Amino acid sequence: MQNSGRFGASWRKREGAIMQTAYQLVWMSKERTPDHLALVDDETGRELTYAELIEEVDVVAAGLHAAGVRQGDRVATILPSLFDHCVAVLALQRLAAVPALINFRLAPQEIKGMLLDGGMLGVIALPDDELVSTVRDCLPSNGFIMTVKTAVPGADCFVACRGDIASLPCPISAPDDPAFIFYTSGTTGLPKGVVLSHGTSEPRVVWLSTQAGLRQGRHTRALGFMPLSHAIGFYGVFLATLALNGTYYVMSAFDPVAAVDAVEKHQITYMFAVPQLYFAMGQAPNYSPDKMRSTDLILYGGAEIDSGFLTQLDQEWAGTVRHIYGTTETMCSLYHPDPVGQHRRLRPGFYSRTRIIRIGGDTNEFVAPGEEGELIVDATGDAVFTEYLNRPEATAEKVRDGWYYTGDICLLHDNGDVDLIGRTDDVIRSGGENIHPGDIEAILLAHPGVKEVAVIGTPDNKWGEVVTACVAGENLLAVDLGRAVQASGLAAFKRPRRYLFLDSLPRNAANKVLRRRLKSLAETSVLQDI
């Protein structure tokens, strides 16, 4: 049955909650198992026990404090899932500063806009000359830029960020104080900062333990190939593993061959990722089911999985496979413990209050079993975000009367289970990333000869969806349009990989492009790949 409890109109977290920050969760693991292996670097082979990890984090925190970082300051980390990224985020948490984890694959100009909007004090990034020169003017006079591995002009080297632990303050954080900023494209196409409080960290870990089956103990060996800038990669793998006394194996860049080898070499027991990464591993030339024998728990979410591959995954990998649904804003809201044969089926979690309501309706306009509606999630829960950074209108649009409107369409069943059908908007989901068509359409429309354009997602076994441009115009070649998009500076993962050329785009009476019609045309037409 749908949760039908009533809430007042005000949207607020419970007061007086007892909580542990992300740093404190890892520190407690150090108290329980100081000599157990906590972090392993895939690039250098460096290993840290829990005691050594906390000592390293404190030393780096002291260096950041000497650089001027104080409680509440926002510092952007623009990095892959590097060993140094793991340490930097925990060090910022030690100071009660606010890490803003930004996708390093975004173009420098996109990142610049996010830094200006976020009021960042500093940046920790890759040694990229273009990025450093682009973002330098976004920071205050007392701001800083650090680059990992090596310094570049205009930036200090993160390796030298070390200080005296005796100088460290002991900040006290309240549950509602900002802890992290993650970014999501949502429905506007412009990255929105999702502000998460310190009070959300522990409930997100607890959910994975009580609901998804991730048990506390030294037996857990997790492979960290999901980016830390993704909620799955950070909360679902990195923080959950360290908070529960497991070992986190850093994988700086996902490579399916290397991932298969890592599972076998380190006897990996736990993974949580978008299904397209698992699919790539299953297609790797070195893959064999025997190499997956150590797996104990395999969670997937963030994109639809191919039903045939799900069956293969269940049969060939030793671990239990579970489907997890969530968003950056709410983390995990729905799950299914046995998704094989019903890959779209989900049910509410123990600690999640959800409803399926009429699309466009109020919070109490429930749909009947057999009907489709929009999924909304209780926004008063401890694991739910606080707001969109500097976007009060966007926050008010998504959170109404204490409920978060997900924009996901579900079919309700008699027993309360739901089938996840699609989106109420047109966001393309490719490899776990949300991509809005408008970003790409504006670039293509500026190209000579292009009269109309609409960008959609078309199914792909590897990425879930591939960005596909439907274009009407004269004397157009996919390769020329591809060069134009590349020259625009648009992030690589947003660029169209397929093109469909038409005489005109299908439209309704209100002159709106019929995107569903375009998707049908794409299924039966010859597409040009680049």
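Run down Leu500, Leu481 and say which single residue is in a helix (DSSP H, G or I), surrounded by 20 or more Cβ atoms within 10 Å (Cβ to Cβ) and not small (Gly, Ala, Ser).
After ruling out the rest, the residue left standing is Leu481.
Looking at (1) touching a helix residue (DSSP H, G or I) at 6+ places or on another chain (Cβ under 9 Å); (2) without any contact (Cβ under 8 Å) to a residue 60 or more places away in the chain, can you tell me which one Gly302 breaks?
Among (1) touching a helix residue (DSSP H, G or I) at 6+ places or on another chain (Cβ under 9 Å); (2) without any contact (Cβ under 8 Å) to a residue 60 or more places away in the chain, the lone unmet condition for Gly302 is (2).
Looking only at segment 395-410, decide whether some residue is touching a Gly at 6+ places or on another chain (Cβ under 7 Å) and buried (at least 22 other Cβ atoms within 10 Å of the Cβ).
Yes; the residues of segment 395-410 include at least one that is touching a Gly at 6+ places or on another chain (Cβ under 7 Å) and buried (at least 22 other Cβ atoms within 10 Å of the Cβ).
Restricting to segment 409-437, what's the tally of residues that are farther than 30 Å from Asn475 by Cα, without any contact (Cβ under 8 Å) to a residue 60 or more places away in the chain and assigned to a strand (DSSP E or B)?
Qualifying residue count for the region: 4.
Applying the selection to segment 491-530, what residues are modelled with pLDDT of 90 or more and among the small types (Gly, Ala, Ser)?
Matches in segment 491-530: Ala491, Ala492, Ser504, Ser520, Ala522, Ser525.
Show me the helices (runs of 4 or more DSSP H) entirely contained within segment 60-141 in which 2 or more residues are within 30 Å of Leu25 (Cα to Cα).
In segment 60-141, the matching helices (runs of 4 or more DSSP H) lie at 83-94, 108-118.
Which is surrounded by fewer than 22 Cβ atoms within 10 Å (Cβ to Cβ), in contact with a His (Cβ under 7 Å, 6 or more places away or on another chain) and of a type in the set (S, T, N, Q), of Ser252, Ser167?
Checking each option against the conditions leaves just Ser167.
Given the options Ile298, Ile268, Ile324, name the one that is closer than 30 Å to Asp41 by Cα, part of a loop (DSSP other than H, G, I, E, B) and in contact with a Leu (Cβ under 9 Å, 6 or more places away or on another chain).
The conditions single out Ile268.
Take the residues in segment 428-478 that are of a type in the set (D, E, K, R) and within 19 Å of Arg507 (Cα to Cα), then tell me which one is farthest from the chain's Cα centre (by Cα).
Lys451
Hey, among Thr147, Thr220, Thr200, which residue is buried (at least 17 other Cβ atoms within 10 Å of the Cβ) and assigned by TED's automatic domain parsing to the domain that holds Val40?
Thr147
Could you list, in sequence order, all residues of segment 363-384 that are surrounded by 19 or more Cβ atoms within 10 Å (Cβ to Cβ) and in a loop (DSSP other than H, G, I, E, B)?
Val367, Ala379, Gly381, Asp382, Ala383, Val384
Residues Ile440, Ile456: which one is closer than 30 Å to Asp117 by Cβ, aliphatic (A, V, I, L, M) and not in a strand (DSSP E or B)?
Ile440
Sort out which residues of segment 237-247 are in a loop (DSSP other than H, G, I, E, B) and either without any contact (Cβ under 8 Å) to a residue 60 or more places away in the chain or small (Gly, Ala, Ser) (or both), and write them in order of number.
The answer is Gly246, and nothing else.
Does segment 262-271 contain at least one residue that is in contact with an Asp or Glu (Cβ under 8 Å, 6 or more places away or on another chain) and either of a type in the set (Ser, Thr, Tyr) or buried (at least 24 other Cβ atoms within 10 Å of the Cβ) (or both)?
yes
For (1) among the polar types (S, T, N, Q); (2) within 24 Å of the chain's Cα centre (by Cα); (3) at pLDDT below 95, each residue gets a yes or a no:
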| position | (1), (2), (3) |
| --- | --- |
| Phe7 | no, no, yes |
| Trp27 | no, no, no |
| Asp35 | no, no, no |
| Val40 | no, yes, no |
| Leu53 | no, no, no |
| Glu56 | no, no, no |
| Arg74 | no, yes, no |
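Exactly one of these conditions fails for Glu110: (1) surrounded by 15 or more Cβ atoms within 10 Å (Cβ to Cβ); (2) modelled with pLDDT of 95 or more; (3) not aliphatic (A, V, I, L, M). Give me its number.
Condition (2) is where Glu110 drops out.
Of the residues that sit in segment 385-405 and are of a type in the set (A, V, I, L, M) and part of a helix (DSSP H, G or I), which one is modelled with the lowest pLDDT?
Of everything passing the filter in segment 385-405, Ala394 is modelled with the lowest pLDDT.
The values are calculated or read from the model by the stated rules, or taken from the named source; none is laboratory data. It should be emphasised that the depicted structure is a prediction, and the values quoted were computed from it without experimental measurement. When we count neighbours, we look across all protein chains shown, and the Cβ atoms used for this are built from the backbone with ideal geometry, even at glycine.
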